[in-house]
Amino acid sequence: MPFWDGQSRGDVLQSIWIMIARRLGLGLVTLFVVSLLIFAAVEMLPGDIAEEILGQSATPETVAAFRRELGLDLPSYQRYLAWLGGILQGDFGTSLANGRPISDLIAGRLSNTLFLALYAAAISVPLAISLGILVSLYRNSLFDRAVNLITLSSISFPEFFVAYILIVLLSQSGYFPSLATLSPGATFAETLYRTFLPALTLTLVVTAHMMRMTRAAIINLLASPYIEMARLKGLSPGRIIVKHALPNAFAPIINVIALNLAYLITGVVVVEVVFVYPGLGQLMVDSVAKRDIPVVQAAALIFACAYVLLNLTADVLSTLSNPRLIHTR
Amino acid sequence: MTKTSNTPLLTIKDLYIEGRADETWSGIVNGVSLTLNRGEVLGLIGESGAGKSTLGLAAMGYTRDGCRISSGSVTFDGTDLVGAPGKTKRHLLGSRIAYVAQSAAASFNPAHRLIDQFTEAPVQHGTSSRDVAAKDAVDLYQRMRLPDPETIGFRYPHQVSGGQLQRAMTAMAMACRPDLIIFDEPTTALDVTTQIEVLAAIRNIVDQFQTAAIYITHDLAVVAQMADRIKVLLRGDEVEEAETAAMLASPQEDYTKSLWAVRSHARTEQPAADRAEMPVLSVQNVTAAYGPIKVLHDVSFDIHKRRTVAVVGESGSGKSTTARVITGLLPPLEGQVLFNGSALPPNYKTRSGDQLRKVQMIYQMADTALNPKQTVGQIVGRPVQFYLGLRGQALRDRVAELLNMIELEPGDFLERLPSELSGGQKQRVGIARALAAEPQMIICDEVTSALDQIVAEGILKLLDRLQGELDLAYMFITHDLATVKAIADEVVVMQSGKVIEQGQKSAMFTPPHDPYTELLLSSVPEMDPDWLTDLLKRRADDANAYSKT
């Protein structure tokens, strides 16, 4: 590293690692608070798995015995500590509904959810950024308005509605399957094909937000003296936007992308239900219905983790995109 | 393209430019014409709002958002830029006409290294490859006398000082060896000592490449060094134009004469204060630091009643930091600040309301120092209410009285928002707000440096008058020695956080000086067209003499 950066590359890397470590530490504190909130919220849920499983005809004695067996008769702080202790050792406990270890139950579902989220992100992030660049290039034109109208419409309709419209348009005519069932033997291409409709639905739902932030962040910079300078150097409008405005607009764009990716992981229950996709969201909703408390808690905690990690990533990337922070005087 | 030497390079004929404000178009430039020959430098001068920058940009066929060329023509080397399609203009911009902006710090893209921004125009215009352009950058950096020309291009803009950035920007404008460069106040944001280096470098390189230039500035002495001819503008109209020497020797129009006259204003110096008298403010052996970096070293000076002490120095010399120590924003590591003989608590949080009331501040940027959502009446009324507890009619009377003191008609101004005021009026409101607390001392931090000379003079006169009426003591922070001449009784010269020299103004402006004071004084441009040449020669001779001994 040349001397003029005042700081060697190693120092820069070190300060980034320190920042990551500090943010991870804060993330752990956040997760601890979240675990308290989750536990408290679940405590407040009406109903009881023992009554749920044993049915209406059960005598109070059998219900009480079953509760004792599941450990539900203990005071809540003891149950919380036991739960937390288990998680710290990597043990999420067992499902009350079917007795299987929760980690097994969740692992498959989580990878399905991540797959769908990545699939949708792989389409929507490049799409949103390219559209954002194009509409800021042709701002206030007919094209700008049309893109805004379409993306805003797709974000304004409820997800299930978008999903059903897509099923009517693309599935009934036989192009794509409406049931996104996954079979273990399917090839990657086949899986992509089967899950195309849910991925497209999610793309339509998240693109508008990211596209509009890209547009706003770029247009916000167009009045800057360095953009005027770029114009006075005779550069083409496209180059001005991509080379001169976009690099300075990354920080807000990255943050909105992170928020939307978190939404893709945690907020897709409705889409999973419509397309009968075996994801984590659906598991959580089912478990709430069954009062399968440990599964609900584990799923909620994983969602919280996704938020913490994605926001951490966004912060690190925003820092990396700013030469003022990387190359100090 | 053929280059013939007898046709002018640039001809602007009867150019009208309008700007839009509140849905109506009003004139910014009203029928100005000019011609510029190859290799010639034309100086455009005028106050802000004269339309200098708008005209300069129009010479490139460019108007800012919200402006339009309504009639007239701009012909550059046979091409009419007003009617030309964007592509034709883009072809000329950056390659044959280049621009150097006022704030280099804002006009370099913070995301790219200097050299990448340098090579961009030659590569995009297809005049040279990236490697050739990069080699050329090093050469031009050297000609602009930038330190470490081989490597400075690999820095990001924020890693380079303001004066160096301004030179790097001039080098960048030279990248395609343009026929014409528009310099838009390139040294206005710089200290006098830095300004000299930049002026010398610009003049040198424009000479070497025989580049024609339009040099825009509000500083007459600067334009006298740079231009062959000078054109004076006032509110979008041409006042007069003449060869530089003729213009300086005998300006024809009254307005031009008034511009020349501004510099002659000077306050009669008060006699040295009686040393036995208790100073209003006494800064004693103050040492202060931001984090681990010491920025003030053993700073001491006194300010007496009815006296103005000017604190002078380049940016980074610790002037404003001293003000922060006095106001308690930055508790010092060592030393103390006495007010009327008793020590002020180091931190403003532990000072009493009365202690806070007696030292007030006026800021450089009245724009950002006034709350844009409050009316003048609210802004001035708040300290009256807060410090003096006046309410109702008494409060209204006091605010009206304060506005009268700063020569603004209360009936007209009470309900206005800062956005409805001119720069000078905003600064007056800033003064009224400071007076509202009935202070004994006011710290003025570069209060006139954002204003035009004529407006600035009005502010200085007002401050002078108020001092006499209200027995105020002023600490006047400035980097402009002309302002010091105009307002100070005593001068404190600071450099790198230390007091270099202090004393009565008359003593300060008579030799012998401390070397640094000498450097500051000799760096103030004078209205003599040969001043820069002579000064550079003198300094070179001195350096030679020094190296021989």
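The values are calculated or read from the model by the stated rules, or taken from the named source; none is laboratory data. The structure displayed is predicted, hence computed values, not measured ones. Ideal geometry is used to build each Cβ from the backbone, glycine not excepted, and the neighbour counts take in all protein chains shown.
Select from the range B:36-78 the residues that are of a type in the set (S, T, N, Q) and touching a Lys or Arg at 6+ places or on another chain (Cβ under 9 Å) and list them in ascending order. If you could, list the steps in order and put the result at the bottom.
Restricting attention to the range B:36-78, the residues satisfying the condition of being of a type in the set (S, T, N, Q) are B:37, B:48, B:53-54, B:63, B:70-71, B:73, B:75.
Passing the criteria: B:53, B:54, B:73, B:75.
Is one or more of the residues making up the range B:224-236 assigned to a strand (DSSP E or B), in contact with a Phe, Trp or Tyr (Cβ under 6 Å, 6 or more places away or on another chain), modelled with pLDDT of 85 or more and of a type in the set (A, V, I, L, M, F, W, C)? Talk me through it step by step, then tell me what you get.
At the first step, the residues of the range B:224-236 found to be assigned to a strand (DSSP E or B) are B:229-234.
Add one more test, that the residue is in contact with a Phe, Trp or Tyr (Cβ under 6 Å, 6 or more places away or on another chain), and what stays is B:234.
Filter again for modelled with pLDDT of 85 or more, leaving B:234.
Then keep just the ones that are of a type in the set (A, V, I, L, M, F, W, C); that gives B:234.
The answer is yes; a qualifying residue exists.
Any chance the range A:187-197 includes a residue that's within 14 Å of another protein chain (Cβ to nearest Cβ), surrounded by fewer than 20 Cβ atoms within 10 Å (Cβ to Cβ) and not acidic (Asp, Glu)? Break it down stepwise before answering.
Kept after step one, since they are within 14 Å of another protein chain (Cβ to nearest Cβ), are these residues of the range A:187-197: none.
Looking for residues that are within 14 Å of another protein chain (Cβ to nearest Cβ), surrounded by fewer than 20 Cβ atoms within 10 Å (Cβ to Cβ) and not acidic (Asp, Glu), one finds none in the range A:187-197, hence no.
Could you grab me the full set of residues in the range B:326-340 that are at positive phi and surrounded by 16 or more Cβ atoms within 10 Å (Cβ to Cβ)? Please lay out each step first, then the result.
Quick first cut of the range B:326-340, residues at positive phi only: B:328, B:335, B:340.
Within the range B:326-340, B:328, B:335 meet the criteria.
If the requirement is being modelled with pLDDT under 90, assigned by TED's automatic domain parsing to the domain that holds residue B:452 and farther than 30 Å from residue B:47 by Cβ, which of these qualifies: B:408, B:390, B:414, B:356?
On the way: B:408 fails: farther than 30 Å from residue B:47 by Cβ; B:414 fails: farther than 30 Å from residue B:47 by Cβ; B:356 fails: modelled with pLDDT under 90.
Sole residue among the options that is modelled with pLDDT under 90, assigned by TED's automatic domain parsing to the domain that holds residue B:452 and farther than 30 Å from residue B:47 by Cβ: B:390.
Which of the following residues is in contact with a helix residue (DSSP H, G or I) (Cβ under 6 Å, 6 or more places away or on another chain) and under 26 Å from residue A:40 (Cβ atoms): A:271, A:295, A:256? Let's see the steps before the verdict.
Working: A:271 fails: under 26 Å from residue A:40 (Cβ atoms); A:256 fails: under 26 Å from residue A:40 (Cβ atoms).
Testing whether each residue is in contact with a helix residue (DSSP H, G or I) (Cβ under 6 Å, 6 or more places away or on another chain) and under 26 Å from residue A:40 (Cβ atoms) leaves just A:295.
Out of the residues in the range A:251-276 that are among the polar types (S, T, N, Q) and under 8 Å from the mean Cα position of the chain (by Cα), which is surrounded by the fewest Cβ atoms within 10 Å (Cβ to Cβ)?
If we filter the range A:251-276 for residues that are among the polar types (S, T, N, Q), which is where we start, we get A:255, A:260, A:266.
If we keep only those that are under 8 Å from the mean Cα position of the chain (by Cα) as well, we get A:260, A:266.
Working: A:260: 25, A:266: 21.
Ranking the qualifying residues of the range A:251-276, first place goes to A:266.
Any idea which of (1) under 22 Å from residue A:35 (Cα atoms); (2) in contact (Cβ under 8 Å) with a residue 60 or more places away in the chain is the one residue A:127 doesn't satisfy?
Looking at each condition in turn, residue A:127 falls short on (1).
Here are B:246, B:175, B:189, B:168: which of them is buried (at least 18 other Cβ atoms within 10 Å of the Cβ), within 30 Å of residue B:455 (Cα to Cα) and of a type outside the set (Lys, Arg)?
Details: B:246 fails: buried (at least 18 other Cβ atoms within 10 Å of the Cβ); B:175 fails: within 30 Å of residue B:455 (Cα to Cα); B:168 fails: within 30 Å of residue B:455 (Cα to Cα).
Checking each option against the conditions leaves just B:189.
Please verify whether the range A:33-42 includes one or more residues that are among the polar types (S, T, N, Q) and at pLDDT below 85.
No: zero hits.
For the range B:92-170, give me every one of the helices (runs of 4 or more DSSP H) that falls completely inside it and has 1 or more residues that are at the interface with another protein chain (Cβ under 9 Å from one of its Cβ atoms).
Values: elements: B:104-107, B:114-124, B:130-143.
It comes to B:104-107, B:114-124.
Could you pull out the residue among A:31, A:45 that is surrounded by 15 or more Cβ atoms within 10 Å (Cβ to Cβ), of a type outside the set (D, E, K, R) and in contact (Cβ under 8 Å) with a residue 12 or more places away in the chain? Walk me through it before giving the result.
On the way: A:45 fails: surrounded by 15 or more Cβ atoms within 10 Å (Cβ to Cβ).
Just a single option satisfies the conditions, and that option is A:31.
I'd like the full set of residues that are of a type outside the set (Asp, Glu) and farther than 17 Å from residue B:406 by Cα, limited to the range B:352-363.
Looking only at the range B:352-363, we keep the residues that are of a type outside the set (Asp, Glu), and these are B:352-353, B:355-363.
Selection gives B:352, B:353, B:355, B:356, B:357, B:358, B:359.
Given the criterion surrounded by fewer than 20 Cβ atoms within 10 Å (Cβ to Cβ), within 16 Å of residue B:309 (Cα to Cα) and in the same structural domain as residue B:399 (by TED's automatic domain parsing), identify the matching residue among B:467, B:440.
B:440
Given the conditions (1) over 27 Å from residue A:130 (Cβ atoms); (2) in a helix (DSSP H, G or I); (3) free of Cβ contacts under 8 Å to residues at least 40 places away in the same chain, report the number of the one that residue A:160 does not fulfil.
(3)
So which of B:56, B:27, B:39 is in a loop (DSSP other than H, G, I, E, B) and more than 24 Å from residue A:245 (Cα to Cα)?
Numbers: B:56 fails: in a loop (DSSP other than H, G, I, E, B); B:27 fails: in a loop (DSSP other than H, G, I, E, B).
Residue meeting the stated conditions: B:39.
If you check residue A:207 against the conditions, is it outside any helix (DSSP H, G or I) and either of a type in the set (Ser, Thr, Tyr) or within 11 Å of another protein chain (Cβ to nearest Cβ) (or both)? Spell out how you get there, then give the answer.
On the way: outside any helix (DSSP H, G or I): no; either of a type in the set (Ser, Thr, Tyr) or within 11 Å of another protein chain (Cβ to nearest Cβ) (or both): yes.
So residue A:207 fails the test.
Within the range A:226-265, how many residues are of a type in the set (Val, Ile, Thr) and under 18 Å from residue B:93 (Cα atoms)? Let's see the steps before the verdict.
Restricting attention to the range A:226-265, the residues satisfying the condition of being of a type in the set (Val, Ile, Thr) are A:227, A:240-242, A:253-254, A:256-257, A:265.
Restricting the remaining residues to those that are under 18 Å from residue B:93 (Cα atoms) gives A:227, A:240-241.
The number of residues fulfilling the criteria is 3.
Among all residue pairs at least 6 apart or on different chains, which show Cβ distances below 7 Å where the first residue, located in the range B:305-321, is surrounded by 19 or more Cβ atoms within 10 Å (Cβ to Cβ) and the second is modelled with pLDDT under 90 and among the hydroxyl-bearing types (Ser, Thr, Tyr)?
B:310/B:478; B:312/B:478; B:314/B:193; B:317/B:496
Return the only residue of A:263, A:226 being within 14 Å of chain B (Cβ to nearest Cβ) and aromatic (Phe, Trp, Tyr).
On the way: A:263 fails: within 14 Å of chain B (Cβ to nearest Cβ).
After applying the criteria, what remains is A:226.
Residue B:89 fails exactly one of the following numbered conditions: (1) touching a Ser or Thr at 6+ places or on another chain (Cβ under 8 Å); (2) more than 7 Å from chain A (Cβ to nearest Cβ); (3) in contact (Cβ under 8 Å) with a residue 12 or more places away in the chain. What is the number of that condition?
That leaves (1) as the condition not met.
Here are some residues: B:12, B:69. Which one is within 29 Å of residue B:453 (Cβ to Cβ) and in a strand (DSSP E or B)?
After ruling out the rest, the residue left standing is B:12.
Please work out if residue B:51 is surrounded by fewer than 21 Cβ atoms within 10 Å (Cβ to Cβ) and in the same structural domain as residue B:121 (by TED's automatic domain parsing).
no
Does the range A:54-66 contain any residue that is outside any helix (DSSP H, G or I), hydroxyl-bearing (Ser, Thr, Tyr) and touching a residue at least 60 places away in the same chain (Cβ under 8 Å)? Even if it seems obvious, please write down each step before you answer.
Within the range A:54-66, the subset outside any helix (DSSP H, G or I) is A:55-59.
Cutting the leftovers down to hydroxyl-bearing (Ser, Thr, Tyr) gives us A:57, A:59.
From what is left, the residues that are touching a residue at least 60 places away in the same chain (Cβ under 8 Å) are none.
No, the conditions are met nowhere in the range A:54-66.
Exactly one of these conditions fails for residue A:169: (1) under 19 Å from residue A:116 (Cα atoms); (2) modelled with pLDDT under 90. Give me its number.
(1)
Taking the range B:468-519, which residues are within 25 Å of the chain's Cα centre (by Cα), of a type outside the set (Ser, Thr, Tyr) and part of a helix (DSSP H, G or I)?
B:481, B:482, B:484, B:485, B:486, B:487, B:505, B:508, B:515, B:518, B:519
Using beta carbons and a limit of 8 Å, which pairs, at least six apart or on different chains, have the first residue in the range B:107-120 and among the β-branched types (Val, Ile, Thr) and the second one buried (at least 24 other Cβ atoms within 10 Å of the Cβ) and part of a loop (DSSP other than H, G, I, E, B)?
As it stands, the answer is B:119/B:175, since those pairs meet every condition given.
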